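In what follows, a single structure is set out as structure tokens and then discussed.
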Amino acid sequence: FIESILNGFGSGLGFTMALLLMAGIRERLVLAPIPKFLHGTAITLLTAAFMSIAFMGFIGLGVK
């Protein structure tokens with residue numbers, strides 16, 4: 001039971017962190033000199049892809 005509670009809390013905390021990071025990066029991209037064809041959805045998808053690659057580095061760091 002305790003493990004389930006900790007897992008839920010950790011998942012929620014991780015998701016919140018990912019949302020905050022994505023929002024912060026998108027705020028900075030508004031002022032960045034990026035090409036016109038990358039504005040909007042394209043740069044958002046690229047940002048999400050790079051963030052997912054970065055988060056893959058945390059795989060295996062959990063408590064076993």
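Output the 0 to 90 degree angle, nearest 10, between the alpha-carbon long axis of helix 2-31 and the longest principal axis computed from the alpha carbons of the chain. Helix 2-31 sits roughly 10 degrees off the main axis of the chain.
Here the scattering of the chain is modelled by Debye summation over its C-alpha atoms, one equal scatterer each and no solvent; at q = 0.27 Å⁻¹ the log10 of I(q)/I(0) is -1.20.
Heavy-atom surface analysis with a 1.4 Å probe gives the chain a carbon and sulfur content of 74 percent of its accessible area. The C-alpha atoms of the chain define a longest principal axis, and helix 41-55 lies at about 40 degrees to it. Solvent-accessible area per residue in the chain equals 88 Å², computed with a 1.4 angstrom probe and all protein chains kept.
The values are calculated or read from the model by the stated rules, or taken from the named source; none is laboratory data. What you see is a predicted model; the values in this text were computed from it and never measured. We work out accessible area using only protein heavy atoms, side chains counted, and drop any ligands, DNA or RNA first. Shrake-Rupley method; radii C 1.70, N 1.55, O 1.52, S 1.80 Å.
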